[in-house]
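Shown next, in structure tokens, is the structure this report addresses.
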Amino acid sequence: MSAFGRVLVTGGAGFIGSHLCEALLRRGVQLTIVDRLDDFYAPAWKRANLEDLRAIAPFVFSPADICDFAALEHAFATAHPDAVVHLAARAGVRPSVEQPLLFERINVTGTLHVLELCRRFGVRKLIFGSSSSVYGASARAPFREDQADLRPVSPYAVTKLAGETYCYTYAHLFRLPVICLRLFTVYGPRQRPDLAIHKFVALLEAGQPLPIFGDGSSGRDYTYVDDIVAGMLAALEFDPATTSPGAPFEVFNLGNSRPVTLRELVAALERVTGRAARCEYRPAQSGDVPLTWADIGKAERWLGYRPATPLEEGLRRFVAWYRSADPRRRA
């Protein structure tokens with residue numbers, strides 16, 4: 001990571017962010033983490049993530065809110081980052097249906113704040129954490145980055161697509177190099193407790209039934225967090241002007257390219273945990289899409305991205321982590 005000696009990561013105390021920050025610290029990066037420790041899930045969980053990181057190497061922590069421009073500006077002025085990885089966001093498709101205004105403020109206005117500060121401080125690279133949800137329910141599978149007719153079906157997805165559009169505008173107007181990474185259903189140790197794999201493992205361990213929304217045929221492109229981090233590190237080293245000389249901007253899918261149905265996931269969790277599942281079927285929820293499936297050919301060509309963790313191996317690692325984890329991070 002010699003190209004970027006100073007890196008600022010927003011959302012660095014969260015699930016994916018903490019894994020990325022661990023990898024950066026192990027590479028000797030001078031790291032600043034910006035995270036307001038939002039109460040969307042227990043802040044104690046994120047503080048425990050930060051404690052794990054401090055055991056690896058020192059870093060600077062700022063509790064700035066990305067929606068507070070002055071506080072975020074102070075963090076940038078202190079860090080003077082060469083590169084920024086922007087992962088801070090209000091997450092969740094279903095919660096966004098209930099709180100669209102909150103998602104718009106954090107995910108769109110907050111992203112615009114990050115972009116403007118990258119411009120003002122001469123940041124040399126911005127990585128924006130986007131989502132597979134931008135493809136919506138009508139995209140052709142597998143989903144390719146050059147699909148132009150995107151129809152997101154949740155406010156969360158809209159905010160991520162809006163963030164990508166702002167990123168392109170800043171790359172075009174100000175020559176800010178930006179790479180948007182569309183992440184596909186990431187799982188692994190430290191995963192948020194509201195996400196399916198964590199929630200299902202917690203219920204299986206407690207002998208409680210699993211809520212299945214829909215008929216179990218929906219498919220997700222589950223991707224282990226270590227593979228996602230490898231793609232992020234490669235993106236930090238990639239020059240988007242290589243592929244987009246007009247504006248230094250690029251979009252990559254980071255997924256596994258092997259969709260798994262909900263029924264198949266439950267069966268795999270039964271094998272890994274050694275526990276039988278009792279499923280309670282419920283109506284499909286608004287904002288959910290029937291399938292996510294990443295075409296990762298572009299990331300393979302330009303980033304050398306090759307996910308290496310089979311689903312059951314990743315699930316075994318998650319279950320081992322869950323069973324040994326600090327209670328603050330077990331839901």
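Just so it is clear, none of the values below were taken in a lab; they were calculated from the coordinates. Because the structure is predicted, anything quoted here is derived from the model rather than measured. Cβ atoms come from the backbone with ideal geometry, glycine included; neighbour counts cover every protein chain shown.
So if I restrict to the alpha-carbon atoms in the range 14-66, what is the Rg, and what is Dmax, the biggest pairwise distance, in Å?
Considering the range 14-66 through its Cα atoms, Rg and Dmax are 10.6, 31 Å.
Which one, Phe238, Ser218, Pro248, projects farthest toward the positive side of the charge dipole computed for the range 199-294 from Cβ point charges (K/R +1, D/E -1)?
About the Cα centre, the residue reaching furthest to the positive side is Ser218.
Excluding residues on the same chain fewer than 8 positions from Lys46, give the lysines whose Cα lies under 28 Å from its Cα.
Lys125, Lys160, Lys199
Please name whichever of Thr78, Gly5, Ile16 sits farthest to the positive end of the charge dipole of the range 1-79, dipole taken about the Cα centre and charges placed at Cβ: Lys and Arg +1, Asp and Glu -1.
Of the candidates, Gly5 comes out farthest on the positive side.
Could you give the dipole magnitude of the range 99-191 about its Cα centre, charging the beta-carbon of Lys and Arg +1 and that of Asp and Glu -1, in debye to the nearest 20?
280
Quick check on the range 272-331: take the gyration tensor over C-alpha atoms, sort the square-rooted eigenvalues as a ≥ b ≥ c, and tell me if it's rounded (a/c under 1.5), prolate or oblate.
It is oblate, given that a/c is not under 1.5 and a/b is not larger than b/c.
Tilt of helix 69-79 relative to the longest C-alpha principal axis of the chain, in degrees (0 to 90, nearest 10)?
Approximately 70 degrees, to the nearest 10.
Amide H of Ile212 versus every other amide H placed in the peptide plane: which residues, excluding those fewer than 5 positions away on the same chain, fall under 5 Å?
Amide H to amide H, under 5 Å and 5 or more residues apart or across chains, Ile212 pairs with Glu280, Tyr281, Arg282.
Suppose every Lys and Arg Cβ carries +1 and every Asp and Glu Cβ carries -1, with no other charges. What dipole size does the chain come out with about its Cα centre, to the nearest 20 debye? Intermediate results must be reported in sequence, preceding the final value.
Numbers: 39 positive and 35 negative charges, 87 e Å.
Roughly 420 debye for the chain.
For the range 1-130, list log₁₀ I(q)/I(0) at each q in 0.19 Å⁻¹, using the Debye formula over Cα point scatterers of equal strength and ignoring solvent, two decimals each.
Computed log10 I(q)/I(0) values: -1.05.
Mean projection of the alpha-carbon convex hull of the range 176-317 over all orientations, in nm²?
9.3
Using the crude model of +1 on Lys and Arg Cβ and -1 on Asp and Glu Cβ, and no other charge, please compute the dipole size for the range 1-128 relative to its Cα centre, in debye to 20. Could you put the intermediate results ahead of the total?
Values: 14 positive and 13 negative charges, 82 e Å.
Dipole magnitude for the range 1-128 comes out near 400 debye.
Can you find, among Ala141, Leu115, Ser131, the residue farthest towards the positive end of the dipole of the range 105-149? Put +1 on the C-beta of Lys and Arg, -1 on that of Asp and Glu.
Checking the options against the dipole of the range 105-149, the answer is Leu115.
Grab the DSSP H runs of the chain that are 4 residues or longer, score each as -39,500 (n - 2.57), total them, divide by all residues and round the 222 nm result to the nearest 500 deg cm²/dmol.
Only helices count here, giving -12500 deg cm²/dmol.
Sort Tyr224, Tyr166 so the one with the fewest other Cβ atoms within 10 Å of its own Cβ comes first. Working shown, then result.
Working: Tyr224 23, Tyr166 18.
The order, fewest Cβ neighbours first, is Tyr166, Tyr224.
To one decimal place, what Kirkwood hydrodynamic radius in Å is obtained for the chain from all pairs of distinct Cα atoms?
Its Kirkwood hydrodynamic radius stands at 20.0 Å.
Please determine, in degrees from 0 to 90 and to the nearest 10, the orientation of helix 262-273 with respect to the longest principal axis defined by the Cα atoms of the chain, where the helix direction is its Cα long axis.
Taking the Cα atoms of the chain, the angle to 262-273 is about 80 degrees.
Sort Glu73, Glu313 by Cβ crowding within 10 Å, fewest neighbours at the top.
Ordered from fewest to most neighbouring Cβ atoms within 10 Å, Glu73, Glu313 come out as Glu313, Glu73.
Which net charge results for the neighbourhood of Leu303, defined as the other residues with beta-carbon distances under 10 angstrom from its beta-carbon, given Lys and Arg at +1 and Asp and Glu at -1?
Net charge in that neighbourhood comes out at 0.
Roughly how tilted is helix 43-54, in degrees to the nearest 10 and between 0 and 90, from the longest Cα axis of the chain?
That works out to roughly 60 degrees.
For Cys21, Cys167, what's the fewest-to-most ordering of other Cβ within 10 Å of each Cβ? Intermediate results must be reported in sequence, preceding the final value.
Numbers: Cys21 31, Cys167 28.
Lowest count first: Cys167, Cys21.
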